[in-house]
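The values are calculated or read from the model by the stated rules, or taken from the named source; none is laboratory data. Because the structure is predicted, anything quoted here is derived from the model rather than measured. Cβ: placed from backbone, ideal geometry, glycine included. Neighbour counts: every protein chain shown.
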Amino acid sequence: MAGNDSHSTSFQKASNNIYPGLTRDKEGQWKGPFCFIQAADTQLGLIDSWNNVREDMQGWGKEIELSKKAIAAANRMSPKPRFFVVCGDMVNAFP
């Protein structure tokens, strides 16, 4: 499936507060059961921080690996979720 930019990707990006395929015209009426995934707190950098890794050596590798596993599990679901939303702390940092 093509994305909204010049690169071909399976990721679709919302534009003008509208997500392609989930418009009122296409999805405004109930059409039966569906599922979605609500995930929380990817908190990139937390694992190394909790493991007392030196700050200049900390990375996001473990959290990215876990996120990829969650996405792979969602992609194996049948039926597939209509959408996957991630809430909460995206990175382990203070403003």
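I'm checking my understanding of the structure. Among residues of segment 15-35 that are surrounded by 10 or more Cβ atoms within 10 Å (Cβ to Cβ) and within 20 Å of the chain's Cα centre (by Cα), which one is modelled with the highest pLDDT? Spell out how you get there, then give the answer.
Kept after step one, since they are surrounded by 10 or more Cβ atoms within 10 Å (Cβ to Cβ), are these residues of segment 15-35: 18-23, 26-27, 34-35.
Then keep just the ones that are within 20 Å of the chain's Cα centre (by Cα); that gives 18-23, 34-35.
Working: Ile18: 83, Tyr19: 81, Pro20: 82, Gly21: 77, Leu22: 80, Thr23: 82, Phe34: 87, Cys35: 92.
Going through the qualifying residues, I end up with Cys35.
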Criterion violated by Asp89 - all others in (1) part of a loop (DSSP other than H, G, I, E, B); (2) among the acidic types (Asp, Glu); (3) at pLDDT below 90 satisfied | (3)
If you check every pair at least six apart or on different chains, which have Cβ atoms under 9 Å apart with a residue in segment 25-50 that is farther than 30 Å from Glu65 by Cβ first and a residue that is at pLDDT below 85 and surrounded by 10 or more Cβ atoms within 10 Å (Cβ to Cβ) second?
-> Glu27/Gly21
Name the pairs: first residue in segment 65-78 and on the phi < 0 side of the Ramachandran plot, second residue surrounded by 10 or more Cβ atoms within 10 Å (Cβ to Cβ) and of a type in the set (Lys, Arg), Cβ to Cβ under 8 Å, at least 6 apart or on different chains?
-> Ala74/Lys80
Where residues in segment 46-86 are touching a Leu at 6+ places or on another chain (Cβ under 8 Å) and in a helix (DSSP H, G or I), which of them is surrounded by the most Cβ atoms within 10 Å (Cβ to Cβ)?
-> Glu63
